[in-house]
Amino acid sequence: MPEITKEQFDAVYNKHLPNKWTEFVYKYLIKRINKLMYVLLAIVCLGLVFTIIETPRIFIAIPTYIFLIVFGIATLCSFTAIFFNNIRIDRICKELKISKIEYNILIEKYYS
C-alpha cells in the first residue's frame, strides 16, 4: 500500500463528498433503520391478526399494500444511496491509486 498521509487523504476525500441524496438517505433512513423495522413489524403483525380473525380481504390487503409500499421505497432509497456512495469511493480509490480494502484501512486509521 502506498504511504498516504492524512492530509493527502483528506484532500481527495473532501474533493469527492457525498451528494445530497446520499446524505439525506444516510441521515434520515439508514440511521433510523431500527424504527423503520418496528413499523414494518407492526404492519406485518396487523395483517397477521386480520388473517387469523378472518376479516374481509380488504382489511388484510390494506396492511399488505402499506408494507409493500414502505418496504419498497426504503429499499429503493437505500440501494440508490449505496450505489452513489460506492461510485464516490471508487473515484477516491482511483485518484489515490488504492484498492477498496486499502481505503477502508485508511478510514479506520484516520477516522476511528
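Taken together, the values in this text are just the output of simple stated rules run on the coordinates, not laboratory data. Quantities reported herein were computed from a predicted structural model and do not represent experimental measurements. With ideal geometry, Cβ positions are generated from the backbone for all residues, glycine too; neighbour counts draw on all protein chains shown.
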If we keep only residues of region 72-102 that are in a helix (DSSP H, G or I) and among the β-branched types (V, I, T), then the residue nearest to D10 (Cα to Cα) is I92
Check every one of the helices (runs of 4 or more DSSP H) wholly within region 6-58 and list those with 1 or more residues that are farther than 24 Å from K97 by Cα. 20-28, 33-52
Provide a single number: the residues in region 45-73 that are at negative phi and surrounded by fewer than 14 Cβ atoms within 10 Å (Cβ to Cβ). 15
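Does region 90-112 contain any residue that is surrounded by 12 or more Cβ atoms within 10 Å (Cβ to Cβ) and of a type in the set (G, A, S)?
no
With respect to P63, is the statement that it is outside any helix (DSSP H, G or I) and either more than 30 Å from D90 (Cα to Cα) or under 17 Å from the mean Cα position of the chain (by Cα) (or both) true?
Numbers: outside any helix (DSSP H, G or I): no; either more than 30 Å from D90 (Cα to Cα) or under 17 Å from the mean Cα position of the chain (by Cα) (or both): yes.
Spelling it out, it is not the case that P63 is outside any helix (DSSP H, G or I) and either more than 30 Å from D90 (Cα to Cα) or under 17 Å from the mean Cα position of the chain (by Cα) (or both).
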